[in-house]
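Written below as structure tokens is the structure these notes are about.
The values are calculated or read from the model by the stated rules, or taken from the named source; none is laboratory data. In this text, all values refer to a predicted model and were calculated from it rather than measured experimentally. Here the Cβ positions follow ideal geometry from the backbone for every residue, glycine too, while neighbour counts run over all protein chains shown. Just so you know, the surface numbers come from the protein's heavy atoms only, side chains and all, with ligands and any DNA or RNA stripped out. Shrake-Rupley method; radii C 1.70, N 1.55, O 1.52, S 1.80 Å.
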Amino acid sequence: MKNTYFTSYFPLISIILFSVSFAILTELNTLELLKQIGIYRGMQDFFSPTWINFAIFFVFFLIYFMIFAALKLISNTLLELSLLFFTRDSNGESLPKIRVGSFFYLFGGTVSLAFVQSFYGIVIVLLLATLGYFIFFVYKIQDTLTFGGLIGLVFFHTLSWFTFFMTVTYVCIRLYNSIIASLPI
């Protein structure tokens, strides 16, 4: 099939699959926590267990869906920005070449469903899909890159994502510390 839009729905399905995987895992852990602290039995007085499970799953699915959608938006922006800075392609011919790479995430999202009991399993599948996509991306656009452009592109993506995740981690740690410090202990 030669239609360039054939793979356009792959990112949405990938986001849904990874969100379902993480939501199931979080739901299972949340239910276990609610049972341990004794809240689950009280919730059953008002709602059926099926409704409780569905509600918890749905809330976490929405949270993960929003997170992955935001990450997809950031990654598209960084990808096209790196193409602007480092390639010699000014007509946008590289974009249709790399669109098929979303298959890595589709495959990874499907495989992640097998690891709904393991947080590390899902994260490893996500990281492998990301690494596979990045290698595919660099391979497909290598003819439009100089050696310096290739080095710049790799460092640009690596430093951008490293900075992003370190900033998020730092803010979360600072927030956690401020909450703990404000508790009257």
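One table, with the values for the structure above:
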quantity: PHE134 being free of Cβ contacts under 8 Å to residues at least 12 places away in the same chain, within 22 Å of the chain's Cα centre (by Cα), more than 17 Å from ILE15 (Cβ to Cβ) and open to solvent by 40 Å² or more (accessible area, probe 1.4 Å); calculated: no
quantity: Members of the stretch 107-122 found to be over 22 Å from THR30 (Cβ atoms), open to solvent by 30 Å² or more (accessible area, probe 1.4 Å) and touching a residue at least 40 places away in the same chain (Cβ under 8 Å), listed by number; calculated: THR110
quantity: Number of positions in the stretch 86-106 that are touching a helix residue (DSSP H, G or I) at 6+ places or on another chain (Cβ under 7 Å) and either part of a helix (DSSP H, G or I) or not hydroxyl-bearing (Ser, Thr, Tyr) (or both); calculated: 12
quantity: The one condition in (1) in contact with a strand residue (DSSP E or B) (Cβ under 9 Å, 6 or more places away or on another chain); (2) without any contact (Cβ under 8 Å) to a residue 60 or more places away in the chain; (3) among the aromatic types (Phe, Trp, Tyr) that PHE86 fails to fulfil; calculated: (2)
quantity: In the stretch 137-174, residue farthest from LEU84 (Cα to Cα) [restricted to those that are among the aromatic types (Phe, Trp, Tyr) and without any contact (Cβ under 8 Å) to a residue 12 or more places away in the chain]; calculated: TYR170
quantity: Count - residues of the stretch 40-82 that are open to solvent by 60 Å² or more (accessible area, probe 1.4 Å), within 19 Å of LEU95 (Cα to Cα) and not hydrophobic (A, V, I, L, M, F, W, C); calculated: 4
quantity: Given (1) closer than 30 Å to TYR139 by Cα; (2) small (Gly, Ala, Ser); (3) free of Cβ contacts under 8 Å to residues at least 12 places away in the same chain, number of the condition GLY42 does not satisfy; calculated: (1)
